[in-house]
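Data block below; observations after.
Taken together, the values in this text are just the output of simple stated rules run on the coordinates, not laboratory data. Everything numeric in this text was worked out from a predicted model, so none of it was measured. When we count neighbours, we look across all protein chains shown, and the Cβ atoms used for this are built from the backbone with ideal geometry, even at glycine.
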Amino acid sequence: MRRGLPSALVVLLLTAGCVAPRNVNNWQPQDGSANSAYYECFRQAEQSYATALATGTDGSATVSTDTNDDVLCACMRGEGYALRKATTTEMVVGVVTSPIWIPVGALVVIGEGMSGLPPKRWVGCP
């Protein structure tokens with residue numbers, strides 16, 4: 001039990017300050033139609049992408065789908081929903097853990113630029 005506690009604590013601290021658009025509970029107002037609007041927008045935001053790798057004379061290609069968060073945000077705004085603001089506790093945890101997540105976030109952004117995936121919004125909407 002003690003071995004898993006530090007790992008769980010690190011994961012909790014790294015994700016506590018995020019208000020990401022890919023969570024239906026982060027959209028307001030939370031009325032009876034929020035879930036259906038979110039999942040309809042989520043479906044519309046699915047995009048296909050392809051990656052190819054050339055190795056010597058052989059090559060491989062894959063086609064996958066991922067969610068374009070810019071499209072998700074625009075659709076939800078069009079449906080009358082707004083992404084909630086981070087709570088004070090979330091902001092404090094984000095500031096305290098910033099020495100960890102800022103360098104990790106920079107590496108993630110650099111890696112995403114090379115992947116060909118649709119853009120992700122880790123926090124907020126444009």
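Restricting the trypsin sites (Lys or Arg not before Pro) of segment 60-106 to loop positions (DSSP other than H, G, I, E, B) with no more than 13 neighbouring Cβ atoms within 10 Å leaves LYS85.
Counting beta carbons within 10 Å around each of TRP27, TRP101 and listing the fewest first gives the order TRP101, TRP27. Extension gain for ALA50 to ARG77 (0.36 nm times residue separation, less C-alpha to C-alpha distance): 6.9 nm.
FRET efficiency for the pair GLN30 and VAL109, taken as 1/(1 + (r/R0)^6) with r the Cβ-Cβ distance and R0 = 30 Å, rounds to 0.50. As an exercise, use a Förster radius of 25 Å and the Cβ-Cβ distance of ILE102 and ASN23 to find the FRET efficiency, rounded to the nearest 0.05. With R0 = 25 Å, the Cβ-Cβ based efficiency is 0.70. A Förster radius of 22 Å combined with the Cβ-Cβ distance from CYS125 to SER64 puts the calculated FRET efficiency at roughly 0.40.
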